[in-house]
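Here is the structure we will look at, set down as structure tokens.
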Amino acid sequence: MLLFIILRLATHRWRWLNRRGAIAGLFLTFYALFRISLENVREPDLGMPNFPFGLTMGILLSIPMLLAGLGLLAWALLREPGVAPPDPGAEAPPAGRRDEAHAVGQPSGDEPEAAADPFRAYDAPPERPAAALAVPDEPGRAA
């Protein structure tokens with residue numbers, strides 16, 4: 001959960017998405033640090049050799065991941081940032097001239113009404129005259 005919060009801060013507050021490799025380096029670094037810290041309180045696996053200085057296989061496998069993450073972070077933060085990704089909250093720039101009459105879903109008057117809502121045919125069944133829907137009288141039944 002803490003790793004998710006760190007990555008969320010890096011992507012949305014610090015805007016590191018435009019720095020190639022920064023998020024991957026941050027993930028690898030903190031994942032390795034969390035794994036090394038948890039390996040220190042965990043029971044050692046049976047059948048594993050005794051490594052010097054109380055190291056475990058999990059710690060030894062996490063050290064290259066930590067070094068790779070730190071290397072990626074250093075490479076990403078020392079480089080010039082790339083083009084920033086578009087802000088999802090910003091409005092798109094207008095593509096040509098648009099006025100009130102050409103707003104989405106509103107006919108401009110010179111277009112047929114079907115062009116204003118191209119999906120109308122899929123939303124409702126086709127209209128039928130009332131006479132086609134009337135049930136014919138049964139013979140022998142009083143009206």
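Read-outs throughout are calculated quantities, based only on the coordinates presented, and are distinct from any laboratory measurement. Note that the structure is predicted; figures quoted are calculated from it, not measured. Heads up, the Cβs are rebuilt from the backbone with ideal geometry, glycines too, and the neighbour counts pull from every protein chain shown.
Explain nothing, just compute: Karplus ³J(HN,Hα) = 6.51 cos²θ - 1.76 cosθ + 1.60, θ = phi - 60°, for every residue of the range 12-24 in order, whole Hz, x for Gly and Pro.
So the Karplus estimates, Gly and Pro as x, are 9, 8, 8, 6, 8, 5, 7, 9, 4, x, 5, 5, 5 Hz.
Note the full-extension length gain between residue 53 and residue 6 as 0.36 nm times their separation in residues minus their Cα-Cα distance, in nm to one decimal.
Between residue 53 and residue 6, full extension yields 13.9 nm more.
If I take all pairs of Cα atoms in the range 2-78, what percentage of them are more than 21 Å from each other?
Numbers: 1071 of 2926 pairs.
When every Cα pair of the range 2-78 is considered, 37 percent fall beyond 21 Å.
With θ taken as phi - 60° and the coefficients 6.51, -1.76 and 1.60, list the Karplus ³J(HN,Hα) couplings across the range 62-67 in order, rounded to whole Hz; mark glycine and proline as x.
Values, residue by residue: 7, 4, x, 5, 5, 5 Hz.
With the crude spin-label approximation of a point 7 Å out along Cα→Cβ, what separation in nm comes out for residue 37 versus residue 60?
2.5
Which ³J(HN,Hα) values in Hz, rounded to whole numbers, follow from the phi angles of the range 37-46 under the Karplus curve 6.51 cos²θ - 1.76 cosθ + 1.60, where θ = phi - 60° and Gly and Pro get x?
Values per residue, Gly and Pro as x: 5, 6, 5, 6, 9, 8, 5, x, 5, 6 Hz.
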